[in-house]
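Take a look at the structure set out below.
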Amino acid sequence: MKLKTVLSLSAIALLLGVFSYVVGQWSYSWLPPQASMESQLVDQLFSTMVAIGTFILFGVTGTMTYSILFHRAGRYDTSDGPPIEGNIKLEIIWTTIPFLIVIYLAYFSYQTYREMNIQAPGHVHQAAPTKNVASGMPPMEMPITNVEVLAKQWAWVFHYPEKNVTSTELHLPVNQRAHFILRSPDVIHGFFIPAFRVKQDVIPFEDTDFEFTPIKEGKYRIRDSQFSGTYFAAMEADVVVESQEDYQAWLNHAARQTPTPAPNQAASEYARRQQKEDRAAWKTVPPAPPPMVNYHP
Ligand SMILES: [Cu+2]
């Protein structure tokens with residue numbers, strides 16, 4: 001290859017590299033706000049993948065466009081192209097580069113996943129002894145919010161064992177590790193909060209442990225990521241991330257309320273449907289009764 005070709009190809013690759021990096025940075029703005037510690041890790045991985053993907057997409061389509069524009073066969077040229085086979089150097093290059101990219105992304109993904117599971121300093125998992133033998137004090141320095149999540153057809157119910165509070169709205173104190181036990185009495189549901197970039201399947205009749213740390217105050221939305229039946233689309237709830245004081249105030253306020261049935265779209269739509277004769281004949285799964293909770297929005 002001539003020096004001039006090498007230089008111009010390198011210059012194009014460099015420009016494309018800068019452009020891909022910019023698109024990678026831009027990709028942060030395509031996503032919901034980063035409301036959890038985990039979202040920062042996931043977005044870094046996503047941005048890297050977008051940058052690499054941009055480089056490959058424009059590298060390949062750019063080369064193709066260049067060939068089509070400048071290396072077309074003449075109008076009446078019906079002869080075959082030269083039979084090229086066995087360029088060892090080229091084969092080594094185009095095997096090694098994708099191999100290295102795949103290994104790099106696998107490593108990056110694994111690291112991201114590992115960091116998401118690493119708990120905040122001082123935190124010991126629930127299964128470990130909760131008291132230090134010498135001091136009799138709990139070993140965890142960072143406070144934890146414990147929430148039991150019941151996902152059923154079709155409602156989310158959040159239970160705070162500390163104060164025996166139930167709610168259809170999830171409240172979490174900011175900058176505090178949240179630990180969940182996910183339960184389902186019927187089918188598989190998906191615990192999914194896009195702003196937190198976390199998603200976990202809720203398996204029927206099995207307790208699933210799950211953790212993350214919200215870092216930004218605000219109101220977010222929890223959705224079911226698994227199709228769980230007729231009124232699946234109504235299976236949403238608000239997630240309120242607030243200061244420690246506001247959270248405690250809310251919890252205390254909720255603890256004083258007597259449980260009442262929460263408004264439930266699935267239950268009310270089903271009841272309305274039962275009143276219409278023509279539609280009542282259609283078979284469907286009846287929703288669970290509206291949840292009895294201390295607090296609903
Ligand atoms: Cu569901």
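Since every read-out is calculated from the coordinates, none of them should be taken as a lab result. Please read these numbers as outputs of a predicted model, since none were measured by experiment. Here the Cβ positions follow ideal geometry from the backbone for every residue, glycine too, while neighbour counts run over all protein chains shown.
General remarks:
- For the chain, the percent of C-alpha pairs falling in each 5 Å distance bin, counted from 0 to the bin holding the largest distance, reads 1, 4, 8, 11, 12, 11, 10, 8, 7, 6, 6, 5, 4, 3, 2, 1, 0, 0, 0.
- For the chain, the longest principal axis of the C-alpha atoms and the axis of helix 3-26 are separated by about 10°.
- Translational diffusion coefficient (Stokes-Einstein; Kirkwood radius from C-alpha pairs) of the stretch 191-297 at 10 °C, 1.306 mPa s, in µm²/s: 96
- Listed residues 26, 156, 250: farthest to the positive end of the dipole of the chain (Cβ charges): 26
- Count, lysine Cα pairs under 29 Å in the stretch 145-293, 8 or more residues apart or across chains: 11
- Inter-probe distance in nm under a simple model that places probes 7 Å from Cα toward Cβ, at residue 69 and residue 107: 3.7
- Label point distance in nm, residue 2-residue 275, each placed 7 Å from Cα along Cα→Cβ: 8.4
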